[in-house]
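What follows is one structure encoded as structure tokens, with my remarks underneath.
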Amino acid sequence: MKILVLPGDGIGPEVVEQAKKVLEAAAHRFRFPLTFTEAVVGGAAIDAFHTALPDGALHLAQSSDAVLLGAVGGPKWDNPRATVRPEQALLGLRRGLGLFANLRPVRVFPELLDAGPLKPDVLRDVDLVVVRELTGGIYFGKPSEQRQGSDGREAVDTLTYTETEISRLLRTAFDLARQRRKKLTSVDKANILSSSRLWREIAHEVQRDYPDVAYEDMLVDAMAMHLIRRPRDFDVIATENMFGDILTDEASMLAGSMGLLPSASLGSSLNSLGRPRGLYEPIHGSAPDIAGQNAANPLATILSAALMLRYSLGQDDAATVIDNAVSSVLAEGHRTADIAFGGSRAIGCREMGALVVQRVAR
Ligand code: IPM
Ligand code: MG
């Protein structure tokens, strides 16, 4: 099993290092072979190769069984006028690997009910997954440019969706709902956007093939409200690229910290095991303000590694052991700074990683 590791920028290398150790411990315990290759992407690749995603890195990704990514970006490469940007690495990988479905599970650990700004009563038993469309919509539509108009500068972005893009995403979401609590909420802005009206039309067509799944449409603005008012009511939430980007940052506050949310990006391309060749990454960014200080929370990346074992490598038992290790480390009261509320002492990224490794190894 060949894993491509892309540490990226900021806290990326620190959190990836811990997740890699956890994967090694799991491979040892469950006796499956893992090999790691590493490549440079993001700002680090811009510095070294003047491009965020060198061809070599993309080719390695295309020939790996799964990809583990830290984060890309940082103030050094933030010039709005730059044409080469770290985020192009992510977009290029998503597009280049055909990863159209981004799964972002949000579970609330009982130990962390008090960690975030929301009331424990609202958060108890929350267990949902956002299935975000990842290779279409306004992120990729052309034209996307700033130009000189008759009234000074103007800019345009384009939001396009095809029937194929919409229906394959919704089928992935319905299939997932079937394996869970059989409820799907499709989020759009059909009162305003043509692309959303097509989305809703197709959702209703696809729904006919899933009569066993309870289905509802919801406008994205209402969803933003209901997500924090009654998050327990949601099971699978399917939505387009940008709505999913925004709603998942909001949803991270249900878990208490961005540092806890993993993600899996899947497409139709299969790896050497006949499983989806996925990209796995924490949903948090590169957090340049705390980079290099051993202060990051590695759990989102470690949980992403567990998703990798489950979806791309067929190692469900190992994945469960990792999930349980994370739960028990939290239950024992260990906290990184982002979740150290109410005066509890914070441990570092390495220390948190080591605690999980210990539990996975035994
Ligand atoms: C995410 C991030 C990315 C996105 C950025 C870094 C390009 O916010 O994965 O949610 O917008 O998709
Ligand atoms: Mg985002």
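The values are calculated or read from the model by the stated rules, or taken from the named source; none is laboratory data. Computed from a prediction, not measured in an experiment: that's the story for all the values here. Cβ sites come from the backbone with ideal geometry, for glycine too, and all protein chains shown count toward neighbours. In case anyone asks, the SASA skips ligands and DNA or RNA and just uses the protein heavy atoms, side chains included. Shrake-Rupley method; radii C 1.70, N 1.55, O 1.52, S 1.80 Å.
Each principal axis of the Cα atoms in the stretch 117-255 has its own extent, and those three values, largest first, are 54, 40, 23 angstrom. A protection proxy built from the mean count of other Cβ atoms within 10 Å ranks the segments 258-271, 142-155, most packed first, as 258-271, 142-155.
Rounded to the nearest 20 debye, the dipole magnitude of the stretch 117-255 is 340 debye, with +1 charges on Lys and Arg beta carbons, -1 on Asp and Glu beta carbons, and the Cα centre as origin.
In terms of the mean number of neighbouring beta-carbon atoms within 10 Å, the peptides 27-38, 321-332 order highest first as 321-332, 27-38. Evaluated with a Cβ-only charge set (Lys, Arg +1; Asp, Glu -1), the chain carries a dipole of roughly 700 debye about its Cα centre, given to the nearest 20. Over all orientations, the chain has a Cα convex hull whose mean projected area works out to 18.6 square nanometres. In the chain, helical runs assigned H by DSSP with n ≥ 4 each contribute -39500 (n - 2.57); averaged across all residues and rounded to the nearest 500, the mean residue ellipticity at 222 nm is -12500 deg cm²/dmol.
Sort the stretch 228-314 into rounded, prolate or oblate with this rule: let a ≥ b ≥ c be the square roots of the eigenvalues of the Cα gyration tensor; rounded if a/c is under 1.5, and if a/c is not under 1.5, prolate when a/b is larger than b/c, oblate otherwise. Judged from the Cα gyration tensor, the stretch 228-314 comes out oblate (a/c at least 1.5, b/c at or above a/b). Sorting Thr301, Thr51 by solvent-accessible area of protein heavy atoms yields Thr51, Thr301, largest first, with a 1.4 Å probe.
Calculated accessible area for the stretch 117-255 comes out at 49 Å² per residue, all protein chains present (probe 1.4 Å; ligands, DNA, RNA ignored). The stretch 46-63 and the stretch 244-277 have Cα centres lying 22 Å from one another.
Ligands, DNA and RNA left out, the accessible area of the stretch 117-255 computed with a 1.4 Å probe is 49% carbon and sulfur. Counting heavy atoms of the protein chains alone, Ile283 has an accessible area of about 20 Å² for a 1.4 Å probe.
All other residues whose Cβ lies under 15 angstrom from that of Lys76 are scored, Lys and Arg at +1 and Asp and Glu at -1, for a net of -3.
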